[in-house]
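Bear in mind that the values in this text are calculations on the coordinates, not laboratory data. Note that the structure is a prediction, hence the values are computed from the model and not measured. In this analysis, Cβ positions are derived from the backbone assuming ideal geometry, glycine residues included, and neighbour counts consider all displayed protein chains.
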Amino acid sequence: MGKRDDEQRIEGLDFARALAMFGMFIVNFGVVTGSTTNGSTWLMALQHLFEGRASAVFVMLAGIGTALMTRQARETKDPILLRKNRLTLWKRSFLLFVIGIVLYTVGWTGDILHYYGVYMFVAACLIAQSKKMMMFIIGGILILSQWLQIQFNYLAGWHPTYVLLEYLDFWTPAGFIRNLMFNGYHPLFPWICFFLIGMVIGTLDLTNRSLRKILWVMGLLLVIMTEIFSTLFIKMTTIHLLDVESALYLFDTGPIPPNMMYVLSNSASAIVLIVGSIYLVETYKNKVIEALIFTGQLSLTHYVGHVFIGIGILIVCQKLENQTLTFSMLYACCYFVGCVLVSVWWRAKPRRGPLEFMMRKWSS
């Protein structure tokens, strides 16, 4: 999976990955600087727009990449090739999990990589399933996740004063499993749905413009419909049935909790962004777009780098508390531009990013 993979690479996916990473920078730097509610109304709305959506794109792209990587094994049903692909994915999932736990250990409690590793581990078992079976599994996970959110206390384990900022028993067996499966920042139920939806999309011919147009229109319509239904359900149920807090808990499209409406809306918006990125790269590719493609190809390195370097700079400059949203967004933009420049310099010679290279060597 060396040169052949690169030749078959859909560069629009790398472009979308760079955009998703930029969105994650905006969200993460906003959280660590304590600025998410310290800004103008339009800036807070912009910040809220990225919350949960950027990460969902990132995870869905991983699912698409997994489907593309395992296409030959899936189509031929060759048991030896299937086993080899699963082993490769399990190795990668283990490394991502370890890197994520290291990031959590050094203080980055918003890590997504250790969740990402678990999604990949589970998904590796499903690479031979049909699209119909995958959609059935996704539907089952969505229903189960919603049921869990209704049956159990979603805030269990979170610090009563620093809710959704500090998880008290993360390092205990029960707390770790609860965080991973149910109420962490990106719990397996239902976040793995983004990965599995990506795998379904990855089985399609994404080079087919007619098919992409259908996907884009369907995604856009689903976003609009989900947001409308979310608003209607909240208004209707708060008249006689539920209080506002309960209605928002069940029907809002925000990331906390990641209910069914959230997964549907964010899956649809991710599809719109990904398909739009493929079209943009194919139609208008230039030096700027190429630079963003390079950045997306080094996304794992940049993600880890934004924890050690990006947040490290904020610590040195004593900018981790009580900052404005204007500051955090400008910082995110500047840091992202820095990542783009580094990517262009690094990719001047055809070489993978440091962590991407390590991932490839580890799983080969």
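Report the longest stretch of the chain that contains none of the GluC sites (Glu not before Pro) sitting in a DSSP loop with at most 14 other Cβ atoms within 10 Å. Intermediate results must be reported in sequence, preceding the final value.
Numbers: sites that count: 166, 321.
The segment 1-165 is the longest one with no such site.
Per residue, the average separation of C-alpha pairs within less than 8 Å and at least 6 apart gives segment 53-160 a relative contact order of 23 percent.
Rounded if a/c is under 1.5, else prolate if a/b beats b/c, else oblate: with a ≥ b ≥ c from the C-alpha gyration tensor eigenvalues square-rooted, which is segment 229-364? Prolate, since a/c reaches 1.5 and a/b exceeds b/c.
When the chymotrypsin sites (Phe, Trp or Tyr not before Pro) in segment 102-153 are filtered for DSSP coil states and for at most 13 other beta-carbon atoms within 10 Å of their beta-carbon, the remaining sites are 152.
Whats the longest run of the chain with zero trypsin sites (Lys or Arg not before Pro) that are DSSP loop and have at most 12 other Cβ atoms within 10 Å? Spell out each step's value before the answer.
Values: sites that count: 77, 351.
Of all site-free stretches, the longest is 78-350.
Between residue 168 and residue 358, the FRET efficiency estimated from the beta carbon spacing at R0 = 45 angstrom works out to 0.85.
Phi angles across segment 223-232 convert, under the Karplus curve 6.51 cos²θ - 1.76 cosθ + 1.60 with θ = phi - 60°, into 3J(HN,Hα) values of 4, 4, 5, 5, 5, 5, 5, 4, 4, 5 Hz, Gly and Pro given as x. Of (i) 1.06; (ii) 0.97; (iii) 0.90, which is the value of Cα Rg over 2.2 N^0.38 Å derived from the coordinates here? After the calculation, the listed value that fits is (ii). In this simple spin-label model, placing a label point 7 Å from the Cα along the Cα-to-Cβ direction at both residue 102 and residue 46 gives a separation of 3.4 nm.
Shape class for segment 133-222: prolate, because the ratio a/c of the largest to smallest gyration tensor axis (alpha-carbon atoms, square roots of eigenvalues) is 1.5 or more and a/b beats b/c. In the chain, Cα pairs under 8 Å separated by at least six residues give a relative contact order of 31 percent.
Projecting the Cα atoms of 49, 275, 242 onto the dipole axis of the chain, where Lys and Arg carry +1 and Asp and Glu carry -1 at the beta carbon, places 275 farthest toward the positive end. By definition, a body whose alpha carbon gyration tensor gives a ≥ b ≥ c is oblate when a/c is 1.5 or more and a/b is not larger than b/c, and segment 45-123 fits this oblate description. Using the rule -39500 (n - 2.57) for each DSSP H run of four or more residues, divided by the residues of the chain, the 222 nm mean residue ellipticity is -23500 deg cm²/dmol.
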